[in-house]
Amino acid sequence: MAVATGLQFEYVPLAAGAPARWDDVLGVATFGTAPAFTAEVPAAHVHTPVLGSNVYEIFRTDQRIESGQYARVQFRRSADLLFGSISLTEASGLHTATEQAYREIFAAVNELGYPHLARIWNYLPQINVETKGLERYRQFNSARRNALIAYRRDLTGNVPAACALGSVTGSPLVIYFLASRHAVTAVENPRQVSAYEYPEQYGPKPAFSRASILGNTLFISGTASIVGHETVHVGDVTAQTRETLANIEALVGEANRVSSAGRFSMSTLAYKVYVRHAADLPLIQSQLRNQAQILYLLADVCRQDLLVEIEAIGRAS
Ligand code: 3EB
């Protein structure tokens, strides 16, 4: 039996306005140009332009909620779950900001008693730009590893599901996450080399799992047109989108194989699609006709040759 975390999530049209009630809201994420809503609830303001109609992402629970702050992490927690958000400027560079953010996240979840990180969303400006001889995404990976090591966390296997995307130049490093009192099941993709086992050519090894399961919720990490460890269909956005969906399908299959939570299915997931070039949107959309909930964002993806990346979240039925 899966633990009952009571987690609910939804994409709500921004046009519908603020939620009618906040007392059951764990956290929200807004995208592009969006209102601040309320200071009472941790809100991640993700600086990526929205393609199409804007929605915000909201996480609710049926359990009693408490708000707080630990270091610079704003959080809300229920008996089982903690949603946290941290936003840092790069006063001393991206490496320092990333390591500091992750140290504060690990300190917060350890201290508050929610040590099991299920999912982490990472947004940083100029992700593909090289500074000090290293691409910024690789600097981010190096700093994330340092913090994991400092807090004696696993670098392989039991690592959170994640995504890492480029945000608008000049915006802060924004990280939000979901953590639990209960163990999380990490899921890998049989079609791909685990990211934490990528060969040296990709730089410091990225510490994330391809998907994770917490209770009856499946979190699919940022997924791209990678087979084995290599980018496939360079320059062909349609084929990249198809390959990405094949990877997500493989992850859903793998989740159903390892989990007793019930049945996960492609058709009931909520998708977030990161598009490198706005002009590619029609071709990407044409491959996503059967998906119900989709948010399209304009964002750089963490390899220069990737044109699209897709993440998803879903509940077992
Ligand atoms: C990839 O598969 C694409 O560094 O946290 C996807 C999901 C990617 C998460 C991360 C990076 C991350 O390697 C990039």
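The values are calculated or read from the model by the stated rules, or taken from the named source; none is laboratory data. Here the structure is a predicted model, which is why all the values come from computation and not from measurement. With ideal geometry, Cβ positions are generated from the backbone for all residues, glycine too; neighbour counts draw on all protein chains shown. Please note that ligands, DNA and RNA were not included when accessible areas were found on the heavy atoms of the full protein model with its side chains. Shrake-Rupley method; radii C 1.70, N 1.55, O 1.52, S 1.80 Å.
Here are the numbers for this structure:
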{"quantity": "Residue in the range 214-228 that is in a strand (DSSP E or B), within 11 Å of the ligand (Cβ to nearest atom) and open to solvent by 50 Å² or more (accessible area, probe 1.4 Å) present", "calculated": "yes"}
{"quantity": "Leading residue by the ranking (farthest from residue 244 (Cα to Cα)) among those in the range 173-189 that are open to solvent by 20 Å² or more (accessible area, probe 1.4 Å) and more than 14 Å from the ligand (Cβ to nearest atom)", "calculated": "181"}
{"quantity": "Failed item in (1) more than 16 Å from the chain's Cα centre (by Cα); (2) within 12 Å of the ligand (Cβ to nearest atom); (3) open to solvent by 60 Å² or more (accessible area, probe 1.4 Å), with residue 257 passing the rest", "calculated": "(2)"}
{"quantity": "Residue within the range 237-248 that is assigned to a strand (DSSP E or B), within 13 Å of the ligand (Cβ to nearest atom), touching a residue at least 12 places away in the same chain (Cβ under 8 Å) and in contact with a Leu (Cβ under 9 Å, 6 or more places away or on another chain) present", "calculated": "no"}
{"quantity": "Residues located in the range 200-211, provided they are within 12 Å of the ligand (Cβ to nearest atom) and of a type outside the set (Phe, Trp, Tyr)", "calculated": "203, 204, 205, 206, 207, 209, 210, 211"}
{"quantity": "Checking residue 170 against (1) among the small types (Gly, Ala, Ser); (2) crowded, with 23+ Cβ neighbours inside 10 Å; (3) not in a strand (DSSP E or B), the condition it does not meet", "calculated": "(2)"}
{"quantity": "Residue match in the range 107-114 (condition: closer than 23 Å to residue 301 by Cα and either away from the ligand (no atom under 15 Å from the Cβ) or not in a loop (DSSP other than H, G, I, E, B) (or both))", "calculated": "no"}
{"quantity": "Residue in the range 237-245 that is touching a Pro at 6+ places or on another chain (Cβ under 8 Å), among the acidic types (Asp, Glu) and surrounded by 15 or more Cβ atoms within 10 Å (Cβ to Cβ) present", "calculated": "no"}
{"quantity": "Hits in the range 271-317 - residues which are more than 16 Å from the ligand (Cβ to nearest atom) and assigned to a loop (DSSP other than H, G, I, E, B)", "calculated": "277, 287, 288, 289, 290, 291, 292, 316, 317"}
{"quantity": "Positions within the range 115-133 being more than 22 Å from residue 84 (Cα to Cα), open to solvent by 60 Å² or more (accessible area, probe 1.4 Å) and either in a strand (DSSP E or B) or hydroxyl-bearing (Ser, Thr, Tyr) (or both), in sequence order", "calculated": "130"}
{"quantity": "Where residue 252 falls short, out of the listed (1) surrounded by 17 or more Cβ atoms within 10 Å (Cβ to Cβ); (2) within 16 Å of the ligand (Cβ to nearest atom); (3) over 23 Å from residue 205 (Cβ atoms)", "calculated": "(2)"}
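Per-residue answers, yes or no, for (1) without any contact (Cβ under 8 Å) to a residue 40 or more places away in the chain; (2) more than 24 Å from residue 213 (Cβ to Cβ); (3) of a type in the set (D, E, K, R):
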| residue | (1), (2), (3) |
| --- | --- |
| 12 | no, yes, no |
| 16 | yes, yes, no |
| 30 | yes, yes, no |
| 33 | yes, yes, no |
| 55 | no, yes, no |
| 58 | no, no, no |
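So that you can scan it fast, the table gives a plain yes or no per residue for (1) open to solvent by less than 60 Å² (accessible area, probe 1.4 Å); (2) in contact with a strand residue (DSSP E or B) (Cβ under 9 Å, 6 or more places away or on another chain); (3) within 24 Å of residue 112 (Cβ to Cβ); (4) not aromatic (Phe, Trp, Tyr):
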{"residue": "8", "(1), (2), (3), (4)": "no, yes, yes, yes"}
{"residue": "12", "(1), (2), (3), (4)": "yes, yes, no, yes"}
{"residue": "32", "(1), (2), (3), (4)": "yes, yes, no, yes"}
{"residue": "50", "(1), (2), (3), (4)": "yes, yes, no, yes"}
{"residue": "59", "(1), (2), (3), (4)": "yes, yes, yes, no"}
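Each row is one residue, and each column tells you yes or no for (1) under 20 Å from residue 151 (Cα atoms); (2) out of contact with any Leu (no Cβ under 9 Å at 6 or more places or on another chain).
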position	(1), (2)
68	no, no
71	yes, yes
76	no, no
83	yes, no
90	no, no
98	yes, no
108	yes, no
130	no, yes
